[in-house]
Amino acid sequence: MTSTTGTIESTNKEKMGEDLYRLIERLYPICRSITGNGVRETLDIIKEYLSLEVNEVPTGTQVFDWTVPDEWNIKDAYIKNEKGEKIVDFKKLNLHVLNYSIPVNETMDLETLKAHLFTIPEYPDWIPYRTSYHNKNWGFCISHNQLLRLKDGSYEVKIDSTLQPGSLTYGEHLIKGSSSEEVIISCHVCHPSLCNDNLSGIAVATFLARELEKLHLKYSYRFLFIPGTIGSITWLSLNEDKIKNIRHGIVLTLLGDKTKFHYKKSRRGDAEIDRIILRQLKNKFTDFGIIDFYPYGYDERQFCSPGFNLPVGRLSRKPHGEFPEYHTSADNLDFVKPEHLSESLDLLLSIIRELESSEKYLNLSPKCEPQLGKRGLFKQIGGQSETNDYQMALLWILNLSDGEHSLQDIEEKSRLNVAILRDAAEALCKVNLLKKI
Amino acid sequence: MTSTTGTIESTNKEKMGEDLYRLIERLYPICRSITGNGVRETLDIIKEYLSLEVNEVPTGTQVFDWTVPDEWNIKDAYIKNEKGEKIVDFKKLNLHVLNYSIPVNETMDLETLKAHLFTIPEYPDWIPYRTSYHNKNWGFCISHNQLLRLKDGSYEVKIDSTLQPGSLTYGEHLIKGSSSEEVIISCHVCHPSLCNDNLSGIAVATFLARELEKLHLKYSYRFLFIPGTIGSITWLSLNEDKIKNIRHGIVLTLLGDKTKFHYKKSRRGDAEIDRIILRQLKNKFTDFGIIDFYPYGYDERQFCSPGFNLPVGRLSRKPHGEFPEYHTSADNLDFVKPEHLSESLDLLLSIIRELESSEKYLNLSPKCEPQLGKRGLFKQIGGQSETNDYQMALLWILNLSDGEHSLQDIEEKSRLNVAILRDAAEALCKVNLLKKI
Amino acid sequence: MTSTTGTIESTNKEKMGEDLYRLIERLYPICRSITGNGVRETLDIIKEYLSLEVNEVPTGTQVFDWTVPDEWNIKDAYIKNEKGEKIVDFKKLNLHVLNYSIPVNETMDLETLKAHLFTIPEYPDWIPYRTSYHNKNWGFCISHNQLLRLKDGSYEVKIDSTLQPGSLTYGEHLIKGSSSEEVIISCHVCHPSLCNDNLSGIAVATFLARELEKLHLKYSYRFLFIPGTIGSITWLSLNEDKIKNIRHGIVLTLLGDKTKFHYKKSRRGDAEIDRIILRQLKNKFTDFGIIDFYPYGYDERQFCSPGFNLPVGRLSRKPHGEFPEYHTSADNLDFVKPEHLSESLDLLLSIIRELESSEKYLNLSPKCEPQLGKRGLFKQIGGQSETNDYQMALLWILNLSDGEHSLQDIEEKSRLNVAILRDAAEALCKVNLLKKI
């Protein structure tokens, strides 16, 4: 990882925030689901930014305990009142349709209709996002105020959807590093018009990949743009051979709002990625949240299932589910901001910088200190009480490079800046007192 | 363990308290010691409540480093003054005799007598309880005020006791569970008229056994009604073959007073019984004491000797020895109360409930989450932020049932109620996603 | 270690302080360096107190990454002004010469001279101690005030030194204990007229050795009087066969000032010597400092290099380098005091007392408690709530002497005095219930 490109300069940050936001704006209107053309359109737009391998996994494919479902597509949906006025219109907001609704074309009275209407009484102006992937159903999501205003009468209900054999679509982008060891960066692409939950993760992952492509990397980075749950299950099921190479992973979502960062640890709880993200948050912020692993949330659930127990955590701003806008029409383009998106990206670049620089060295002269002076690495006049940080860095690295301590461990123990430690390590490598392992 | 009988309803609690107290009242007058008819009478009364295997171990039996002593019995004892008045009378309070006193029938002056009188100067109205099991001696325990009032003159001293070959008597009651793994519940039966120290443990153990007999149990429960020290040493010595089956154990004593509970940990310090009792105390009480193991106190000393190091802790209210009434006539029928006894029993039932429910499961579909929805185990409409506890319980159990975590470990990690976790585990077993191990 | 000689009586303490101080006074004028006659003279004086094996390691000997340097000796050095007055005179204070200065005999102007003058601007009256062991150079150390007063003109500069093949000299004194396991006590002998840094360590080590010689010891004690850095490297390099026997070690320095004690832990951080010194400091002082290992300071750096990682800590009063007098003319005979020196020696004797007494026992009757009463080791009248410390000591030792716990571990767990524990252990050994392991 070249040191010049790892952080975003402040002028770039502003532009980066706008770029991230613009991608969200483009993706916002699309009606995504766990299968169907919405995912394909989404991946097509991402492909303008990033080469993607798009995979289609046929309906009926067995993926562990699950089966890839029928593909869902939708053209239109509405409810018309007796006057023929569209009182609910999918084309105005795709959240209005219960995601994965089977087709319907009926006229019914209010009582019958009501069993298929979903609202949020606590936030009577907002429209909820609801799904019924695995249970055949149809429905509409509307504001609670609208529900209260609905009058008795007959309603024409139309959902022009299809649910039939097709495939599950996901995108994958691999950046090869010098090692075959992999870092998984995963985001979900199955939510319709929801900005923070889904689109912020997609946008940040896309631009993170673009930034990483500019760098010389040690690890290989595998970006997964997958439908939630069934997507990660599908990927893990079809890629069991790749799992042994996964060294670290981060699930990205909820990265565009103004909340402080929240990191949910991997199930292991003390994986290197956990320690690194904790360190980065401590370095950069006075306030942030650390959440112990729990088996709910996003795709970290699958990566951290006991049969895999991968070192995969989740980075978010808002914590999952704990904000009223979650899965409602209020998670819209106003809810995410360019500056929060670019700050999230910036943090991820710092995390990856540390991950990339998490190097171990071996002291090749481990018995007593080697003579640094004769190699021009130590001050010439002895006796002063002060020793500068660089000289202490040389000593710390030599003392702790026993195969058990990474440069970051040395950083924590020595309280020296990692940059000076890395410089010192490089100098020691040059004079053959140290080698990278 | 059937769930209906594990706790005592409040009406039963009152009755239970009275039953416990009544047993103490019946046992109180008996002059117990480490051997002799006092123990036999005590066990006979317990047998009205509980079938007991009564064992007689002959005097002279070698039990590890010890030898079963001569059996001690006593009919009467008194001190008469010159007027022939009984100024100290064993028949009024058996504490008056130094326990294990050899027979004596002499007239002596006050000076000679005084060497055989024991008092508590700090509590001048109380009569101490003193013993001389292993050193042949005789003596009387009286109040310090009485000692001060004694006038010079000659005293007739009579102890009508016998100390001769016989046996050490103890009672044992085994409740067989489905497993041969055992829980030891031990109390001492060697103290004469002392209520909290001795009788409270006996009463609570007796009624605990009665309650457990009503249940279907996983573990087998072995109740020991044994004289302190020599009794547990004798039992351990004669039952070394059974020791490998002991999984948990609790020594019971000092359970009738109003003090907060004190749990003395096993020597291991983190045995499952230690964790369970700690959890139960935390759940039920805001204030309680936890005492690290130390090699003094009651029979936990023997169970936790380094050659056994069994996972046996001690449950008490008052801490051992740290209250003025300890081993005095003030530890009488007023010192223990029905409600404290029944609360102690209730706590023990909760502890055993947790012990019984400390089960482990294995996720049979450990790679990714299994599809709960298709098995009717998950909500049908997706998208809501709330997930109910039952659904979280399903996920936690699947995630942590890797062979390393018990249901109670999962309870601690998930902060879900163990009942809901058990229900969830059962449901998962039914659909073959989980099996008990 | 016989118990009568382990501590110094208060009258002796005063005399001991004076003896320690007198040795420092004698050693103070000598111009020591890492090689040369100054070290030999120093060792000759120590030999009046202690038999020493003096080793000469020839210039050019390869010791790990280092080479034994040319030997440095100096007869005289001065700077004369134009009037022929000696304005700087090595004979008045040997710190005036940059240690390891090559010979020089020149007249030069002030500007040229100034490049070879070293001062401490922050402490303008003090003369610094500076060295140039590995880079050929010459120089003078003077007070900053003198530097400011120097007038333009020509100066005669003379350093009558030699730097030529010879040897590195160090002294070694081995006190054989009953075991071949060794404790290393190391101090540096390379600093010229500096009292706290160097001479206090030498004096305390010398008298510590004298005290230990009077005792029957379990461990063997190897005292090293070695030049800093190159001396310990040389010793380790030439004695790799002895390293496997080293069980503990302490580097001694800065032991004559009035500051509270500071212990710098070994790199291991929890070696027995670390625990023992921590315990001793806690026992004896309310205020003291504990410093985590860092790879700078004194010869602990070499003993704790990763190729050895020996359990060697450092005991000092002042912390290394963190006081203005460090490496200046102010570290003189006024800076160290007899009472601080003798207190340091006393602490070391206590540390070694604990090290020597860090014994383990094995309970030979580990199943249940043995019957102490029949062996006269337990009170005869039972029932009292108090148990005295001695009886608790017997129980604690029996309970924890399982091969895993030392007497000191038992001390920490039981909070009983180690003396009473040792008495109890001895009593148990006598009756064959315990054996030393």
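Residue check: is C:Arg301 modelled with pLDDT under 95, part of a loop (DSSP other than H, G, I, E, B), surrounded by 17 or more Cβ atoms within 10 Å (Cβ to Cβ) and not hydroxyl-bearing (Ser, Thr, Tyr)?
Answer is no for this residue.
Of all the residues that make up the stretch C:235-256, how many are assigned to a loop (DSSP other than H, G, I, E, B) and either within 24 Å of C:His327 (Cα to Cα) or open to solvent by 20 Å² or more (accessible area, probe 1.4 Å) (or both)?
Summing the residues that are assigned to a loop (DSSP other than H, G, I, E, B) and either within 24 Å of C:His327 (Cα to Cα) or open to solvent by 20 Å² or more (accessible area, probe 1.4 Å) (or both) in the stretch C:235-256 gives 6.
Take the stretch B:119-166 and flag every residue that is open to solvent by 40 Å² or more (accessible area, probe 1.4 Å) and within 14 Å of chain C (Cβ to nearest Cβ).
Across the stretch B:119-166, the qualifying residues are B:Pro121, B:Glu122, B:Tyr123, B:Trp126, B:Tyr133, B:His134, B:Asn135, B:Lys136.
Kindly evaluate B:Ile290 against the criterion of being in a strand (DSSP E or B), open to solvent by 40 Å² or more (accessible area, probe 1.4 Å) and hydrophobic (A, V, I, L, M, F, W, C).
Considered against the rule, which asks whether it is in a strand (DSSP E or B), open to solvent by 40 Å² or more (accessible area, probe 1.4 Å) and hydrophobic (A, V, I, L, M, F, W, C), B:Ile290 comes out as yes.
For the stretch B:85-115, which positions are open to solvent by 40 Å² or more (accessible area, probe 1.4 Å), touching a residue at least 24 places away in the same chain (Cβ under 8 Å) and under 21 Å from B:Gly36 (Cβ atoms)?
Answer for the stretch B:85-115, where residues must be open to solvent by 40 Å² or more (accessible area, probe 1.4 Å), touching a residue at least 24 places away in the same chain (Cβ under 8 Å) and under 21 Å from B:Gly36 (Cβ atoms): B:Ile102, B:Pro103, B:Asn105.
Among (1) open to solvent by less than 20 Å² (accessible area, probe 1.4 Å); (2) assigned to a helix (DSSP H, G or I); (3) within 14 Å of another protein chain (Cβ to nearest Cβ), where does B:Asp331 come up short?
If we test B:Asp331 against (1) open to solvent by less than 20 Å² (accessible area, probe 1.4 Å); (2) assigned to a helix (DSSP H, G or I); (3) within 14 Å of another protein chain (Cβ to nearest Cβ), just (2) comes out false.
Would you mind finding the one in B:Ser358, B:Ser365, B:Ser350 that is surrounded by fewer than 23 Cβ atoms within 10 Å (Cβ to Cβ) and touching an Asp or Glu at 6+ places or on another chain (Cβ under 6 Å)?
B:Ser365
Does the stretch C:336-350 contain at least one residue that is more than 14 Å from chain A (Cβ to nearest Cβ), part of a strand (DSSP E or B) and closer than 17 Å to C:Gly249 by Cα?
The answer is no, given that none of the residues of the stretch C:336-350 is more than 14 Å from chain A (Cβ to nearest Cβ), part of a strand (DSSP E or B) and closer than 17 Å to C:Gly249 by Cα.
Any idea which residue in the stretch C:421-437 is farthest from B:Asp65 (Cα to Cα), counting only those that are touching a residue at least 60 places away in the same chain (Cβ under 8 Å) and assigned to a helix (DSSP H, G or I)?
C:Arg422
Read through the list (1) at positive phi; (2) open to solvent by 40 Å² or more (accessible area, probe 1.4 Å), then give the number of the only condition that B:Arg268 fails.
(1)
May I ask you to list the residues in the stretch B:410-420 that are within 13 Å of chain A (Cβ to nearest Cβ), open to solvent by less than 40 Å² (accessible area, probe 1.4 Å) and either without any contact (Cβ under 8 Å) to a residue 12 or more places away in the chain or closer than 17 Å to B:Glu272 by Cβ (or both)?
Hit for the stretch B:410-420 is B:Ile410, nothing else.
Could you tell me which residue of the stretch A:381-396 is surrounded by the fewest Cβ atoms within 10 Å (Cβ to Cβ), considering only residues that are facing chain C (nearest Cβ under 9 Å) and small (Gly, Ala, Ser)?
Filtering the stretch A:381-396 for residues that are facing chain C (nearest Cβ under 9 Å) and small (Gly, Ala, Ser), the one surrounded by the fewest Cβ atoms within 10 Å (Cβ to Cβ) comes out as A:Ser385.
Look through the stretch B:125-138, keep the residues that are touching a residue at least 24 places away in the same chain (Cβ under 8 Å) and in contact with a Ser or Thr (Cβ under 6 Å, 6 or more places away or on another chain), and return whichever of them is farthest from B:Leu194 (Cα to Cα).
This residue is B:Trp138.
Having 3 or more residues that are modelled with pLDDT under 95 is the bar; report the helices (runs of 4 or more DSSP H) wholly within the stretch C:1-120 that clear it.
It comes to C:10-27.
Can you go through C:Ile202, C:Ile175 and tell me which one is under 28 Å from C:Thr61 (Cβ atoms), surrounded by fewer than 24 Cβ atoms within 10 Å (Cβ to Cβ) and in contact with a helix residue (DSSP H, G or I) (Cβ under 7 Å, 6 or more places away or on another chain)? Even if it seems obvious, please write down each step before you answer.
Working: C:Ile202 fails: surrounded by fewer than 24 Cβ atoms within 10 Å (Cβ to Cβ).
None of the others qualify; the one that does is C:Ile175.
For the stretch A:393-411, give me each residue that is in a helix (DSSP H, G or I) and out of contact with any Pro (no Cβ under 8 Å at 6 or more places or on another chain). Step through it out loud before you land on a result.
First, the residues of the stretch A:393-411 that are in a helix (DSSP H, G or I): A:393-400, A:407-411.
Selection gives A:Ala393, A:Leu394, A:Ile397, A:Leu407, A:Gln408, A:Asp409, A:Ile410, A:Glu411.
Give the residue that is modelled with the highest pLDDT, with candidates limited to residues of the stretch B:381-423 that are among the small types (Gly, Ala, Ser) and closer than 21 Å to B:Gln280 by Cβ.
B:Ala393
Under the condition of being on the phi < 0 side of the Ramachandran plot and within 14 Å of chain B (Cβ to nearest Cβ), which residue from the stretch A:56-69 is surrounded by the most Cβ atoms within 10 Å (Cβ to Cβ)?
For the stretch A:56-69, the residue satisfying everything is A:Val68.
Does C:Ser132 satisfy being closer than 18 Å to C:Cys190 by Cβ and modelled with pLDDT under 95?
When the stated conditions are applied, C:Ser132 passes them.
Can you tell me how many residues in the stretch B:369-380 are within 8 Å of chain A (Cβ to nearest Cβ), assigned to a loop (DSSP other than H, G, I, E, B) and modelled with pLDDT of 75 or more?
Within the stretch B:369-380, the subset within 8 Å of chain A (Cβ to nearest Cβ) is B:369-371, B:373-374, B:380.
The next check asks that each one be assigned to a loop (DSSP other than H, G, I, E, B); those that pass are B:369-371, B:380.
If we keep only those that are modelled with pLDDT of 75 or more too, we end up with B:369-371.
Of the residues in that region, 3 qualify.
In the stretch C:198-217, which residues are under 13 Å from the mean Cα position of the chain (by Cα) and modelled with pLDDT of 95 or more?
Hits for the stretch C:198-217 are C:Leu199, C:Ser200, C:Gly201, C:Ile202, C:Ala203, C:Val204, C:Ala205, C:Thr206, C:Phe207, C:Leu208, C:Ala209.
I need a count of the residues in the stretch C:44-82 that are under 27 Å from C:Cys141 (Cα atoms) and charged (D, E, K, R).
Count: 6.
Give the stretch C:307-326 a look and list any residue that's within 21 Å of A:Gln391 (Cβ to Cβ), crowded, with 21+ Cβ neighbours inside 10 Å and at pLDDT below 95, or say none.
The answer is C:Tyr326, and nothing else.
Has the stretch B:221-234 got any residue that is without any contact (Cβ under 8 Å) to a residue 40 or more places away in the chain, open to solvent by 10 Å² or more (accessible area, probe 1.4 Å) and either in a strand (DSSP E or B) or β-branched (Val, Ile, Thr) (or both)?
Checked against the condition, which is being without any contact (Cβ under 8 Å) to a residue 40 or more places away in the chain, open to solvent by 10 Å² or more (accessible area, probe 1.4 Å) and either in a strand (DSSP E or B) or β-branched (Val, Ile, Thr) (or both), the stretch B:221-234 yields no hits at all.
With respect to C:Asn399, is the statement that it is open to solvent by 60 Å² or more (accessible area, probe 1.4 Å), under 40 Å from the mean Cα position of the chain (by Cα) and within 25 Å of B:Cys304 (Cβ to Cβ) true?
Values: open to solvent by 60 Å² or more (accessible area, probe 1.4 Å): no; under 40 Å from the mean Cα position of the chain (by Cα): yes; within 25 Å of B:Cys304 (Cβ to Cβ): yes.
In short, no.
I need a count of the residues in the stretch C:23-33 that are within 9 Å of C:Ala203 (Cα to Cα) and either open to solvent by 30 Å² or more (accessible area, probe 1.4 Å) or touching a strand residue (DSSP E or B) at 6+ places or on another chain (Cβ under 9 Å) (or both).
Qualifying residue count, the stretch C:23-33: 0.
For the stretch A:289-317, which residues satisfy the criterion of being more than 8 Å from every other protein chain (Cβ to nearest Cβ) and touching a Phe, Trp or Tyr at 6+ places or on another chain (Cβ under 8 Å)?
A:Gly289, A:Ile290, A:Ile291, A:Glu300, A:Leu310, A:Val312, A:Gly313, A:Arg314, A:Leu315, A:Ser316, A:Arg317, listed by residue number.
Quick check on the stretch C:421-433: of everything there that is more than 37 Å from the chain's Cα centre (by Cα) and open to solvent by less than 10 Å² (accessible area, probe 1.4 Å), which residue is farthest from C:Ser358 (Cα to Cα)?
Within the stretch C:421-433, the match that is farthest from C:Ser358 (Cα to Cα) is C:Leu433.
The values are calculated or read from the model by the stated rules, or taken from the named source; none is laboratory data. A quick note: this is a predicted structure, and the numbers were derived from the prediction, not measured. All Cβ positions, even for glycine, are placed from backbone atoms using ideal geometry, and neighbour counts span all protein chains on display. Please note that ligands, DNA and RNA were not included when accessible areas were found on the heavy atoms of the full protein model with its side chains. Shrake-Rupley method; radii C 1.70, N 1.55, O 1.52, S 1.80 Å.
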